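Note sheet for the following structure.
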Amino acid sequence: MNPPASSPLTGTWRGAVTGDDSGFDVVVTFAGSNPVRATVEYPQIPCAGTWSEESRRGDTISLVERVTSGPCVTSQITLDRRPDGTLGFRSDYFAESRGRTLTIYATQRRA
């Protein structure tokens, strides 16, 4: 059973990525919910980083991702807390190799 959208985010969440890139997971461990602080891993790439909350509006939280290891780049993250207890994940980042901004998505569930 999934927790309600109002429950704390603390803990580990995981989801498979789709969109402009795919074939890897996003794994997030939340250390705090207000403000959101988290570590993130993309195990198949591999790279890791931290998330810091920039703003929130209702059930939507905007964060910045800063890379701490691996080939990933800084990105803008949007999380949407859904009524079914999942998190909608969106990441927008500039891919120099493709010369444009890419967007990836995932539905995250507690791991």
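A few points about this structure:
- Selection count, region 38-56, where residues are assigned to a strand (DSSP E or B), open to solvent by 70 Å² or more (accessible area, probe 1.4 Å) and either at positive phi or at pLDDT 95 or above (or both): 3
- With respect to the stated conditions, residue 35 fails to be out of contact with any helix residue (DSSP H, G or I) (no Cβ under 7 Å at 6 or more places or on another chain), open to solvent by 60 Å² or more (accessible area, probe 1.4 Å) and within 17 Å of residue 103 (Cα to Cα).
- When region 57-71 is filtered for residues that are of a type in the set (Gly, Ala, Ser) and either in a strand (DSSP E or B) or under 18 Å from residue 11 (Cα atoms) (or both), the ones remaining, listed by number, are 62, 69.
- The set of residues in region 58-79 being open to solvent by less than 20 Å² (accessible area, probe 1.4 Å) and small (Gly, Ala, Ser) consists of 75 alone.
- Counted residues, region 80-111 - those being polar (S, T, N, Q), open to solvent by 10 Å² or more (accessible area, probe 1.4 Å) and within 15 Å of the chain's Cα centre (by Cα): 2
- Flag if residue 81 is out of contact with any helix residue (DSSP H, G or I) (no Cβ under 7 Å at 6 or more places or on another chain) and free of Cβ contacts under 8 Å to residues at least 12 places away in the same chain: no
- Counting the residues of region 10-32 that are surrounded by 15 or more Cβ atoms within 10 Å (Cβ to Cβ) and under 17 Å from residue 80 (Cβ atoms) gives 7.
- Test: residue in region 7-26 that is assigned to a loop (DSSP other than H, G, I, E, B), without any contact (Cβ under 8 Å) to a residue 60 or more places away in the chain and in contact with a Phe, Trp or Tyr (Cβ under 6 Å, 6 or more places away or on another chain): yes
- Residues of region 33-64 that are more than 15 Å from residue 81 (Cα to Cα), of a type in the set (Asp, Glu) and under 13 Å from the mean Cα position of the chain (by Cα): 41 alone.
The values are calculated or read from the model by the stated rules, or taken from the named source; none is laboratory data. Computed from a prediction, not measured in an experiment: that's the story for all the values here. As a convention, Cβ positions derive from the backbone with ideal geometry for all residues, glycine included, and neighbour counts pool all protein chains shown. Keep in mind that these areas ignore ligands, DNA and RNA; they rest on the heavy atoms of the full protein, side chains included. Shrake-Rupley method; radii C 1.70, N 1.55, O 1.52, S 1.80 Å.
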